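Remarks on the structure that follows.
The values are calculated or read from the model by the stated rules, or taken from the named source; none is laboratory data. In this text, all values refer to a predicted model and were calculated from it rather than measured experimentally. We place every Cβ from the backbone using ideal geometry, glycine too, and count neighbours over all the protein chains shown.
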Amino acid sequence: MKTLLINTVLAISLLAGAPALAQEKPLKVGMSGQYFPFTFVEQDEIKGFEVDIMDALGKEMGRDIQYETANFSGLFGMLQSGRIDTVANQITITDERQKAYIFSEPYVYDGAQVVTKKGNTEVESVEDLKGKTVAVNLGSNFEALLKELPYADQINIKTYESNLERDTALGRVDAFVMDRVSASQIIKEKPLPLELAGPTFSQITNAYPFHDTEEGRALRDEVNQALATLREDGTLASISEKWFGTDITQP
C-alpha cells in the first residue's frame with residue numbers, strides 16, 4: 001500500500017511538472033527591429049505589432065520567447081542554420097519560400113503599395129514605375145513582386161537595408177514599395193513628405209516559416225493552435241487595433 005501511494009504521488013508530481021519542463025525551451029524568434037511599426041527598437045527595447053503578437057503566442061503556448069535581431073536580409077540565413085526557430089518580420093508566403101519552408105496559418109492580410117514623395121505627379125500608380133528608380137527592402141518579397149510586372153525590365157530596383165522612405169522623401173529615388181499598412185503608419189508617424197500612390201497592386205499574406213522537419217512541423221502546429229485561440233478570443237484583433245486602428249489579422 002505504501003509503495004502504491006509513493007508511486008501515485010510520484011506520478012502526480014511528474015504530471016504537474018510536465019508544463020514546466022515544456023516551458024524550459026524558449027521559442028527563438030528572429031526579427032530585424034527596423035520595420036516600423038511591425039518591429040522596431042526604442043530605448044534598447046524591441047517593440048511593435050510583431051512583438052505583441054509573438055508575446056501573446058508565447059503566453060498561450062506556455063513558452064518564453066527569445067528574440068534575435070539582425071538585418072532583414074540575414075534572417076532566413078539564421079533560420080536555415082538553426083540559430084532561430086522562426087521569423088516574425090512580416091514574412092510573406094511565396095511559392096519560392098514554400099519550396100524551402102512550411103508556414104503557419106496567416107496572421108496578417110495586406111497588399112503591396114507604391115509610395116512617393118508628396119506632390120510627385122509622375123508616379124501616381126504602379127503603372128507609372130516604368131523608367132523610374134524604385135526602392136525596396138533587401139530580402140523582402142517586394143522586389144520579386146516588381147519583377148513579376150510585365151514592364152519589370154523598365155524599372156530600376158534599388159535595395160535598402162533601411163531608410164528607403166528617407167531617400168524617397170529627399171528625391172533620391174522616385175518611389176518605394178512596401179505593404180500598405182506599414183506605409184500608412186510611416187506617413188502618419190514620421191515627419192516626412194510622403195503619400196500613397198494609387199491602390200495596392202498585389203495581395204500579400206504574412207505567416208511564420210519553419211523547417212519542414214518533425215520538430216518544425218510540431219512547432220508550426222503548436223503556433224497554429226495558439227493563433228486559432230487568439231483569433232477566437234479577440235486578442236489578435238485587439239493587438240491590430242492598438243497598432244493600426246483596424247484589424248489586419250482577418251482576410
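Structure summary
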{"read-out": "Matching residues in the range 209-228 - criterion: being over 18 Å from the mean Cα position of the chain (by Cα) and either more than 26 Å from residue 79 (Cα to Cα) or not in a helix (DSSP H, G or I) (or both)", "value": "212, 213"}
{"read-out": "Residue match in the range 37-57 (condition: closer than 20 Å to residue 165 by Cα, of a type outside the set (Gly, Ala, Ser), under 11 Å from the mean Cα position of the chain (by Cα) and assigned to a loop (DSSP other than H, G, I, E, B))", "value": "yes"}
{"read-out": "Unique residue being in contact (Cβ under 8 Å) with a residue 40 or more places away in the chain, of a type in the set (Asp, Glu) and not assigned by TED's automatic domain parsing to the domain that holds residue 83 when the list is 212, 174, 167, 153", "value": "174"}
{"read-out": "Condition broken by residue 141, with the remaining ones in (1) out of contact with any Phe, Trp or Tyr (no Cβ under 9 Å at 6 or more places or on another chain); (2) surrounded by fewer than 17 Cβ atoms within 10 Å (Cβ to Cβ); (3) touching a residue at least 24 places away in the same chain (Cβ under 8 Å); (4) not small (Gly, Ala, Ser) satisfied", "value": "(2)"}
{"read-out": "Filtered residues of the range 173-202 (kept if among the β-branched types (Val, Ile, Thr) and out of contact with any Gly (no Cβ under 7 Å at 6 or more places or on another chain))", "value": "173, 177, 181, 186, 187"}
{"read-out": "Breaking point among (1) in the same structural domain as residue 168 (by TED's automatic domain parsing); (2) in contact with a His (Cβ under 9 Å, 6 or more places away or on another chain), for residue 135", "value": "(2)"}
{"read-out": "Answer residue from the range 127-138, given it is modelled with pLDDT of 95 or more and not in a loop (DSSP other than H, G, I, E, B) and is surrounded by the fewest Cβ atoms within 10 Å (Cβ to Cβ) among those", "value": "127"}
{"read-out": "Selection within the range 174-202 - at pLDDT 95 or above, in a strand (DSSP E or B) and surrounded by 20 or more Cβ atoms within 10 Å (Cβ to Cβ)", "value": "175, 176, 177, 194"}
{"read-out": "Flag if residue 205 is within 15 Å of the chain's Cα centre (by Cα) and outside any loop (DSSP other than H, G, I, E, B)", "value": "yes"}
{"read-out": "Hey, residue 224 closer than 30 Å to residue 85 by Cβ, in contact (Cβ under 8 Å) with a residue 60 or more places away in the chain and surrounded by 19 or more Cβ atoms within 10 Å (Cβ to Cβ) or not", "value": "no"}
{"read-out": "Residues of the range 156-172 satisfying the condition of being of a type outside the set (Gly, Ala, Ser) and surrounded by fewer than 21 Cβ atoms within 10 Å (Cβ to Cβ)", "value": "156, 157, 158, 159, 160, 161, 163, 166, 167, 170, 172"}
